[in-house]
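> I am attaching a structure below and will ask some questions about it afterwards.
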Amino acid sequence: MTIVVDSREQHPYQFPSDVSVEISALPIADYSVKGFENEIAVERKSLGDFLGSITQGRERFTKELRQFRSFRFAALMIETSWPDLLLGLYPQSRVHPSSVIGSLMAFVMKYSVVPILCGDHATGAILTERLL
């Protein structure tokens, strides 16, 4: 198996040396499996990116999420924890925790995307590798 990393990914995950990785422009998302780029997707978001995507970047983000409907599997890997989201522990944004959770749950229902709150970048890399 080869993990495909989108060439536009600004802070890519580092995978173990025994994992085959190919850098290529993906049609959607940040990570996929070679040969399944239009079926399997993992979209990585830092907490700040996610908050920006559900506020000022919402229109562009939901357009991207709509494309996931045709995928066999799509995940949204968010580099934060459930407690941080639920308690609003993100000083860089004033968005209310209820709005954040409501948006995330709406994405699950509307676009069949699986939210994975991985805590941090390193854990996100491990979970992405294991998912793919």
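The values are calculated or read from the model by the stated rules, or taken from the named source; none is laboratory data. No experiment lies behind these values; they were computed from the predicted model shown. Cβ: placed from backbone, ideal geometry, glycine included. Neighbour counts: every protein chain shown. In case anyone asks, the SASA skips ligands and DNA or RNA and just uses the protein heavy atoms, side chains included. Shrake-Rupley method; radii C 1.70, N 1.55, O 1.52, S 1.80 Å.
> Tell me, which residue of region 1-18 that is in contact (Cβ under 8 Å) with a residue 60 or more places away in the chain and assigned to a loop (DSSP other than H, G, I, E, B) is farthest from Ala125 (Cα to Cα)?
If we take residues in region 1-18 being in contact (Cβ under 8 Å) with a residue 60 or more places away in the chain and assigned to a loop (DSSP other than H, G, I, E, B), then Met1 is farthest from Ala125 (Cα to Cα).
> Taking the stated definitions as given, is Val21 in a strand (DSSP E or B) and open to solvent by less than 30 Å² (accessible area, probe 1.4 Å)?
Against the criterion (in a strand (DSSP E or B) and open to solvent by less than 30 Å² (accessible area, probe 1.4 Å)), Val21 does not qualify.
> Related question: Enumerate the pairs (first residue in region 52-71 and over 16 Å from Ile28 (Cβ atoms); second residue anywhere and aromatic (Phe, Trp, Tyr) and crowded, with 16+ Cβ neighbours inside 10 Å) with beta-carbon separation below 8 Å, excluding pairs fewer than 6 apart on the same chain, so at least 6 apart or on different chains.
Ile54/Phe61
> Please find, within region 56-74, the residue that is least open to solvent (accessible area, probe 1.4 Å) out of those that are among the basic types (Lys, Arg) and part of a helix (DSSP H, G or I).
This residue is Arg58.
> Quick one: in region 43-96, of everything that is touching a strand residue (DSSP E or B) at 6+ places or on another chain (Cβ under 8 Å) and β-branched (Val, Ile, Thr), which residue is nearest to Val108 (Cα to Cα)?
Checking each candidate, the answer is Ile78.
> I'm told Gly48 meets every condition in (1) of a type in the set (Gly, Ala, Ser); (2) outside any helix (DSSP H, G or I); (3) at pLDDT below 95 except one. Can you identify the failing condition by its number?
(2)
> Another one. What number of residues within region 36-55 are hydroxyl-bearing (Ser, Thr, Tyr) and surrounded by fewer than 20 Cβ atoms within 10 Å (Cβ to Cβ)?
Residues that pass the stated criteria total 2.
> So which residues in region 86-123 are in a loop (DSSP other than H, G, I, E, B), in contact (Cβ under 8 Å) with a residue 24 or more places away in the chain and open to solvent by 50 Å² or more (accessible area, probe 1.4 Å)?
Gln92, Ser112, Asp120
> Only one of Ser112, Ser53 is under 14 Å from the mean Cα position of the chain (by Cα), of a type in the set (Ser, Thr, Tyr) and on the phi > 0 side of the Ramachandran plot; which?
Ser112
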